[in-house]
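So the structure is just underneath, and the comments pick up after that.
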Amino acid sequence: MLIDKMNLKNYTKWNKTHLVLIFICTIAVCLQSNKSLAQAVEKEYTTLEDALIDPDKVVRLNLENQSNTLFLKQLFKFKNLEYLNLRNTKIKTLPQEINTLNKLKVLDLGDNYISVLPKNFSELRNLTELYLDHEKDIKLAEDFEILSKMQSLRILHLENNNITKLPKNFNKLNQIEKLYLNDNKLKNMPYELKELKNLKFLDIHHNPIIIPVDVIKKTYGGLKINF
């Protein structure tokens, strides 16, 4: 009977030890897995050649300042892309395949020659932030019709576009929460801004606005404005 009790005690001790070891190993594997995943997510590819080695792993792609626009034909291969920087790549139009990047959250198209976005651009359902700054040829009225259909879009950059006034259909962008209109040529506060019920932040610094700051603050009460 004593031997049985001793065996039971040893077995219990052995069992607990192994359970602890199994638990530690499991935690270690999970940590390593999470670390690998984090590294994969954080990696930003800066050349098309590297990115095309395994397109499915590419989450962030930065092709800023690329002079050869042939890369546009390859974009549809990156199905898991969440961040795409095409700033200053001399592009004039986006390929129709842009709508296949349905996981895209941030898109930088700044400092190019884009005038009108493709109609299927609104199919980028997960896009939350869009850069359309430094686009001197941009046709706002046409683009706003497309952007108004993008309910996930929250942040819009329109800096340095020589904007003197906003088109009337601007009030359709009800989903926008942050709007950057700085470094333009606005003299008056666009009336349409009051109709953007979800707008929380507005940047209008470096505009020749003639309305006194205190009047603007009073008119746009709860809106945070950078003058």
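Readers should treat all values here as calculations from the given coordinates under stated rules, not as data from a laboratory. In this text, all values refer to a predicted model and were calculated from it rather than measured experimentally. With ideal geometry, Cβ positions are generated from the backbone for all residues, glycine too; neighbour counts draw on all protein chains shown.
Some notes on this structure:
- Shape category assigned to segment 44-226 from the gyration tensor of Cα positions, a/c cut at 1.5: prolate
- Shape summary of segment 110-218, radius of gyration then Dmax from alpha carbon positions: 13.4, 42 Å.
- Positive-end extreme of charge dipole, segment 44-226 - chosen from Asn80, Phe144, Met189 (charges on Cβ): Met189
- Separation of the Ile210 and Lys77 label points, Cα + 7 Å toward Cβ, nm: 5.5 nm
- A simple spin-label model places the labels of Asn188 and Thr46 4.7 nm from each other, with each point 7 Å out along Cα-to-Cβ.
- Using a simple spin-label model with pseudo-atoms 7 Å out from Cα toward Cβ, Asn198 and Lys103 lie 2.3 nm apart.
- FRET efficiency for Lys57 and Ser115, using Cβ-Cβ distance with R0 set to 30 Å, rounded to 0.05: 0.35
- Whole-Å distance, taken between Cα centres, linking segment 198-221 and segment 64-112: 33 Å
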